[in-house]
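J.: Input: one structure, supplied below.
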């Protein structure tokens with residue numbers, strides 16, 4: 001009854017309970033959703049095939065509990081009873097076809113109280129008519145990925161195995177018997193990159209409703225089939241209502257295909273009467289990659305009134321998009337509620353990039369969050385992860401602060417060796433020697449120059465972190481003979497503690513325990529991984545590094 005409990009307790013209690021699930025050896029999993037036709041609780045062909053696929057994926061994984069939660073659209077009558085009927089229909093199928101105990105499967109109906117999409121649109125309403133499946137299984141064993149046979153449901157395997165006229169015969173049979181909806185056939189062809197099937201389906205003699213054709217057009221748009229979408233829009237665009245046009249306009253912001261093709265579709269939708277009534281489409285385009293043309297198309301269609309601080313700062317990742325927003329009236333000095341600026345999000349590739357931001361009056365030491373849930377950061381901290389030493393030098397000359405409270409963690413904000421050396425040579429504070437040397441040692445032999453720089457600053461290379469781990473112990477575990485040689489030469493303690501050990505052990509003993517074999521990969525057969533034999537294969541590089549470490553430590557011991 002754990003899943004039932006999680007649904008009745010407060011948010012804080014639920015978070016705590018979910019956090020404790022692994023400690024009991026259980027694995028919590030959201031299985032998926034089953035969707036229903038309007039006003040119906042009857043499982044049809046598609047839903048049955050989907051459940052059969054989930055049964056295949058579960059394999060021999062032992063089920064502890066499953067909850068099936070029914071939902072309805074606010075448009076539907078008797079939503080509470082209908083949602084429960086849907087949940088019970090799924091439960092009955094699972095009990096009859098999986099062998100799972102009925103007492104382990106709990107059904108409940110939520111009515112129309114928990115929509116996941118905008119019910120004002122047909123697409124949103126379809127997503128709200130659903131049953132959610134959540135399970136808890138035995139997590140004490142590692143289970144292999146599902147069999148490849150589970151990837152396709154039976155009808156889909158038959159459809160995709162054929163070509164040309166034969167495939168269309170299968171498609172007509174599936175659609176006319178009601179086993180599969182026509183849009184699902186199009187989706188299958190698109191998802192499996194079967195352009196030959198997608199282009200033939202409109203001529204296969206399969207009847208479609210107006211709503212189904214809108215759904216298919218939306219799929220074509222998402223998969224970058226702009227010619228298909230454009231032809232459909234010219235034929236049926238005039239009969240679309242305002243909400244349908246606007247929903248397609250918003251959906252055009254992302255997907256497959258070229259940005260130029262997507263921008264042309266947006267212009268056609270504007271010409272057909274679609275309007276950006278919310279910032280959603282423009283926000284989506286700004287957040288994308290290489291979407292400058294798409295952003296331009298939205299702005300030209302009237303979305304410029306939605307430009308705000310969040311969009312301007314988010315556009316820092318794409319200079320071309322930022323240029324468009326500024327040309328349409330965006331303010332480069334914008335600062336969202338969470339405090340980030342263009343200094344935080346822009347890629348500072350050259351000194352000129354820094355000079356431009358300073359010219360706009362931005363604070364080089366501004367503190368803010370790039371995302372609401374992310375920690376507070378500064379422009380220098382962000383730049384350390386990618387910028388050149390030349391750019392960092394200029395930022396320091398311009399007043400960027402690498403000391404004080406902000407500097408205490410800067411050393412491990414970057415894994416670029418040159419930038420770590422820059423921090424050390426410019427006096428970045430090190431408040432905990434143990435954390436510093438252990439963090440550097442985790443990078444392996446490439447970090448030897450950084451360890452040498454720490455030694456030059458007088459840092460105790462034998463210091464330990466709060467768990468008692470030292471740089472030497474980490475270097476041994478990381479198969480880093482160059483680090484081991486340097487640390488031993490500096491006279492660090494040869495008693496080390498690894499993450500697996502509760503007590504300190506001689507470094508030579510730890511090195512002798514190093515494995516020489518290739519790490520075990522996840523097994524690919526169906527069933528528990530522990531049932532699959534593991535063939536030990538010696539890794540020559542690991543073997544060489546281990547032997548070198550043993551020679552170094554053995555020479556000291558003798």
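J.: Between a residue in region 298-310 that is in the same structural domain as residue 341 (by TED's automatic domain parsing) and any residue that is surrounded by fewer than 19 Cβ atoms within 10 Å (Cβ to Cβ) and at pLDDT 95 or above, which pairs come within a Cβ distance under 7 Å, given they are 6 or more apart or on different chains?
T.: Short answer, once both residue conditions are applied: none.
J.: I'm told residue 418 meets every condition in (1) buried (at least 21 other Cβ atoms within 10 Å of the Cβ); (2) within 32 Å of the chain's Cα centre (by Cα); (3) not in a loop (DSSP other than H, G, I, E, B) except one. Can you identify the failing condition by its number?
T.: (1)
J.: Just to check your reading of the model, which residue among 77, 86, 113 is more than 18 Å from residue 47 (Cα to Cα), out of contact with any helix residue (DSSP H, G or I) (no Cβ under 9 Å at 6 or more places or on another chain) and modelled with pLDDT of 85 or more? Even if it seems obvious, please write down each step before you answer.
T.: Values: 86 fails: more than 18 Å from residue 47 (Cα to Cα); 113 fails: out of contact with any helix residue (DSSP H, G or I) (no Cβ under 9 Å at 6 or more places or on another chain).
Residue meeting the stated conditions: 77.
J.: Within region 421-443, can you find the residues that are within 30 Å of residue 546 (Cα to Cα) and either part of a helix (DSSP H, G or I) or in contact with a helix residue (DSSP H, G or I) (Cβ under 7 Å, 6 or more places away or on another chain) (or both)?
T.: 421, 433, 434, 435, 436, 437, 438, 439, 440, 441, 442
J.: Now a separate question. Out of 237, 261, report the one residue that is modelled with pLDDT under 95, crowded, with 17+ Cβ neighbours inside 10 Å and assigned to a helix (DSSP H, G or I).
T.: Exactly one of 237, 261 is modelled with pLDDT under 95, crowded, with 17+ Cβ neighbours inside 10 Å and assigned to a helix (DSSP H, G or I), namely 237.
J.: Any idea how many residues of region 207-234 are in a loop (DSSP other than H, G, I, E, B) and buried (at least 20 other Cβ atoms within 10 Å of the Cβ)?
T.: Selection size over region 207-234: 2.
J.: Out of the residues in region 519-553 that are surrounded by 13 or more Cβ atoms within 10 Å (Cβ to Cβ) and touching a helix residue (DSSP H, G or I) at 6+ places or on another chain (Cβ under 8 Å), state the one that is modelled with the lowest pLDDT.
T.: The residue in question is 523.
J.: Then there is this: Pairs needed: first member in region 56-85, exposed (fewer than 15 other Cβ atoms within 10 Å of the Cβ); second member anywhere, modelled with pLDDT of 90 or more; C-beta distance under 6 Å; at least 6 residues apart or different chains.
T.: 74/112; 80/109; 80/111
J.: Being surrounded by fewer than 16 Cβ atoms within 10 Å (Cβ to Cβ), over 16 Å from residue 417 (Cβ atoms) and touching a helix residue (DSSP H, G or I) at 6+ places or on another chain (Cβ under 9 Å) is the filter here, so list the residues in region 367-389 that pass it.
T.: Once the filter is applied, which keeps residues that are surrounded by fewer than 16 Cβ atoms within 10 Å (Cβ to Cβ), over 16 Å from residue 417 (Cβ atoms) and touching a helix residue (DSSP H, G or I) at 6+ places or on another chain (Cβ under 9 Å), region 367-389 yields only 367.
J.: A further question follows. Select, from 283, 244, 304, the only residue that is part of a helix (DSSP H, G or I), more than 27 Å from residue 382 (Cα to Cα) and at pLDDT 95 or above.
T.: Testing whether each residue is part of a helix (DSSP H, G or I), more than 27 Å from residue 382 (Cα to Cα) and at pLDDT 95 or above leaves just 304.
J.: Determine whether residue 281 is within 29 Å of the chain's Cα centre (by Cα) and crowded, with 17+ Cβ neighbours inside 10 Å.
T.: It is true that residue 281 is within 29 Å of the chain's Cα centre (by Cα) and crowded, with 17+ Cβ neighbours inside 10 Å.
J.: Now for a different question. Might you check whether a residue that is closer than 27 Å to residue 376 by Cα, surrounded by fewer than 22 Cβ atoms within 10 Å (Cβ to Cβ) and not assigned by TED's automatic domain parsing to the domain that holds residue 393 occurs anywhere in region 441-449?
T.: Checked region 441-449: at least one residue is closer than 27 Å to residue 376 by Cα, surrounded by fewer than 22 Cβ atoms within 10 Å (Cβ to Cβ) and not assigned by TED's automatic domain parsing to the domain that holds residue 393.
J.: Among the numbered criteria (1) within 24 Å of the chain's Cα centre (by Cα); (2) assigned to a loop (DSSP other than H, G, I, E, B); (3) at pLDDT 95 or above, which one does residue 313 miss?
T.: Condition not satisfied by residue 313: (2).
The values are calculated or read from the model by the stated rules, or taken from the named source; none is laboratory data. All values derive from a computational prediction rather than experimental measurement. In this analysis, Cβ positions are derived from the backbone assuming ideal geometry, glycine residues included, and neighbour counts consider all displayed protein chains.
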